Amino acid sequence: MPAPRAALAAWHFSPGAIDRLLPPWQDVRVESNEPLAEGSKTVLLLKVGPTRLRWVAQHEGVNRDEGFTDRSLQGPLASWVHTHSFMDGEANESILRDHVQYALPLSAISDIFLGGKVRRDLARMFAFRHRRTSNDLARHARYSKRPRRTIAVTGATGAVGRALCAFLTTGGHRVIRLVRTIPAVDSGDVQWNPTGDWDASKLEGIDAVVHLAGANIAQGRWTDARKKIIMDSRVVSTQNLSEALARLKRPPAVLVSASGIGFYGHRVEAPLDESATSGDGFLASVTQAWEEAVSPAQLRGIRTVRMRIGVVVNAGTGVLARLRLPFLMGAGGPVGSGRQGMSWIQLDDLIAAIYFAIEERQISGAVNACAPNPIPQIEFARALARVLRRPCIAPLPAPIVRLLFGQMGDELLLSGQFARPAVLSDQGFTFNFPSIDEAMQFEFGRMV
């Protein structure tokens with residue numbers, strides 16, 4: 001691992017570690033997760049067919065310097081003992097050793113039929129876990145000499161927000177989730193109101209705010225009422241948040257506010273950088289107004305970053321989650337002509353880009369949060385088919401898309417652009433997943 005043993009241990013002892021270790025291609029939820037200590041427990045809910053099974057693991061032999069053991073008290077296996085060992089490596093490196101002893105139910109019979117599959121699944125899972133842990137540690141090591149920060153996050157329950165909060169805690173940062181409901185006692189969350197008055201005084205003196213809140217643009221047809229919800233959830237909430245931050249006596253140094261690659265509208269020309277003009281259409285108008293809503297924070301002297309996020313590659317949610325079943329059934333293929341551009345980014349690279357924008361003080365204004373290799377939609381479909389080991393032969397013609405989804409289908413599925421991350425690249429950001437095949441293989445555990 002590319003960090004000293006102390007950093008490796010701190011990563012595992014952080015509250016976000018469990019979320020970082022769950023494979024995205026598996027439907028697993030964290031029901032509860034007690035702070036890592038002798039006798040503490042973690043309870044997971046595993047999707048097995050139409051039902052969910054509880055997996056209760058107890059922590060034993062907990063030593064912050066050397067490691068700990070998970071022992072299954074309840075779950076799908078007859079037994080499971082997993083020891084995580086932290087050891088010194090060379091220079092500023094360390095060694096992580098995972099040792100697992102397990103037995104299947106009715107092992108004499110089940111091992112014959114399921115033993116090979118279980119071993120392959122474990123190999124996939126640990127390859128993923130080790131890659132993500134290593135990547136996280138390398139990202140944190142870049143800024144390890146700087147003070148740990150306090151960072152507030154809106155939209156913390158969404159896929160990007162959850163991943164970002166977990167990642168930040170593994171780096172030792174304090175995360176304040178801005179939530180709409182009354183927060184639980186001792187949760188550390190702060191209640192906010194995206195459309196009205198709220199008390200922002202608890203944000204006095206924090207270091208940064210990441211604003212990710214906004215209604216799902218792909219949920220239902222774009223009726224006039226739905227369009228208003230999409231627009232207001234972005235523009236009104238951003239304006240409200242920016243004004244609240246501007247009124248603070250000690251405002252945060254930086255506001256990273258989400259935007260979308262739809263800012264550019266439907267474009268067919270060569271890759272667009274951040275200097276390109278805005279396009280036409282509903283999404284373009286939403287993102288223009290969305291970005292303008294950070295003005296109160298800018299005028300207050302808060303460094304503002306407008307992250308124009310591309311299609312997020314994450315096996316558990318979003319476009320991949322929606323496409324997975326049709327592709328597994330052999331019904332995957334090009335949408336429309338298949339030539340429309342897809343500016344995409346793998347989830348871990350996205351949260352790393354947000355963190356990069358927080359730490360790199362010279363970054364402000366528009367930032368394209370997308371991988372350096374945008375592709376036509378047909379290439380995206382072929383990459384997904386390859387990783388799922390299915391054909392890519394079932395087209396979805398444009399007239400059918402428009403009939404089923406209306407304007408939403410026209411702008412989300414049949415339109416696109418080829419954007420490039422000029423600001424991130426120029427400032428030295430490194431993408432761990434620059435190609436779509438690398439991103440898909442990581443998300444679906446096909447690295448081994």
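The values are calculated or read from the model by the stated rules, or taken from the named source; none is laboratory data. None of these values were measured; they are calculated from a predicted model. Note that we place each Cβ from the backbone using ideal geometry, even for glycine, and neighbour counts take in every protein chain shown.
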Count of residues meeting criterion [more than 21 Å from the chain's Cα centre (by Cα), β-branched (Val, Ile, Thr) and under 23 Å from residue 447 (Cα atoms)] in the range 1-50: 0
Counted residues, the range 294-319 - those being over 13 Å from the mean Cα position of the chain (by Cα) and either of a type outside the set (A, V, I, L, M) or buried (at least 21 other Cβ atoms within 10 Å of the Cβ) (or both): 14
Residue that is assigned by TED's automatic domain parsing to the domain that holds residue 128, farther than 25 Å from residue 168 by Cβ and in a loop (DSSP other than H, G, I, E, B), where the choices are 35, 76, 15, 23: 76
Helices (runs of 4 or more DSSP H) fully within the range 345-446 counting 3 or more residues that are modelled with pLDDT of 95 or more and either within 30 Å of residue 22 (Cα to Cα) or touching a helix residue (DSSP H, G or I) at 6+ places or on another chain (Cβ under 6 Å) (or both): 347-359, 377-388, 436-443
Options 315, 270; residue that is more than 26 Å from residue 159 (Cα to Cα), assigned to a loop (DSSP other than H, G, I, E, B) and hydrophobic (A, V, I, L, M, F, W, C): 270
So residue 205, is it within 22 Å of the chain's Cα centre (by Cα) and on the phi > 0 side of the Ramachandran plot: no
Qualifying positions in the range 202-214 - touching a helix residue (DSSP H, G or I) at 6+ places or on another chain (Cβ under 9 Å), among the hydrophobic types (A, V, I, L, M, F, W, C) and either modelled with pLDDT of 95 or more or not in a loop (DSSP other than H, G, I, E, B) (or both): 203, 208, 209, 210, 212
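Matching residues to (1) acidic (Asp, Glu); (2) in contact with a Leu (Cβ under 9 Å, 6 or more places away or on another chain); (3) over 30 Å from residue 363 (Cβ atoms); (4) in a loop (DSSP other than H, G, I, E, B):
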position	(1), (2), (3), (4)
181	no, no, yes, yes
185	no, no, yes, yes
193	no, no, no, yes
197	yes, no, yes, yes
216	no, no, no, yes
226	no, no, yes, no
Selected residue (criterion: farthest from residue 68 (Cα to Cα)) from residues of the range 31-54 that are out of contact with any strand residue (DSSP E or B) (no Cβ under 8 Å at 6 or more places or on another chain) and touching a residue at least 12 places away in the same chain (Cβ under 8 Å): 48
One residue from 353, 394 being surrounded by 23 or more Cβ atoms within 10 Å (Cβ to Cβ), in contact (Cβ under 8 Å) with a residue 40 or more places away in the chain and at negative phi: 353
